[in-house]
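What follows is a short report on a single structure.
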């Protein structure tokens, strides 16, 4: 008997729907919907991405997985973000897009993983401790 390679499972996008993924960073949570048959539209919280993320560095961070896959003009992105600051939100969108692209085309996984777009950055703000001014800062101490 000849072994055959497993066939990829058809993506839910084949039915004309969208692919849903979540990306998180610090306190920010991004819900990303990727529409495969799109024209390159990028909407964040019902605003164009360039309006929501005015800094060029944040736009590049959010767009990075699409540029790596070469699909900037082929898909539409609708993201809803809440919590955290704009930098954390941009990184959350980046992770959500990378996860959605893998659901769309599993062959992109190696390229995206190599660039680090699938790694969840788990660093969070450290909580304040009692007896301290902040997480680690102690009150000023006087010898006399």
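Values quoted throughout were computed directly from the atomic coordinates according to the rules given, and no laboratory measurement underlies them. In this text the structure is predicted, and so the values were computed from the model without any measurement. In this analysis, Cβ positions are derived from the backbone assuming ideal geometry, glycine residues included, and neighbour counts consider all displayed protein chains.
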For this session: Sort 47, 71 so the one with the fewest other Cβ atoms within 10 Å of its own Cβ comes first.
Result: 47, 71
Exercise. Given the chain, what percent of its DSSP beta bridges are antiparallel, to the nearest 5?
Worked result: 85
For this session: Quick one: Debye curve from the alpha-carbon atoms of the stretch 13-115 only, equal weights, vacuum; give me log10 I(q)/I(0) at q = 0.17, 0.22, 0.24 Å⁻¹ to two decimals.
Result: -0.67, -1.15, -1.36
For this session: Any chance you could give the angle, 0 to 90 degrees and rounded to 10, that helix 56-69 forms with the longest Cα principal axis of the chain?
Result: 30
Seminar exercise, completed: For the chain, averaging the sequence separation of alpha carbon pairs under 8 Å that lie six or more residues apart and dividing by its residue count, the contact order in percent is 29
Exercise. Once you sort the root eigenvalues of the Cα gyration tensor of the stretch 92-144 as a ≥ b ≥ c, which label holds: rounded (a/c under 1.5), prolate (a/b larger than b/c) or oblate (the other case)?
Worked result: prolate
Problem set entry | Extent along principal axes [Cα atoms of the stretch 25-68; Å; largest to smallest] | 31, 23, 21
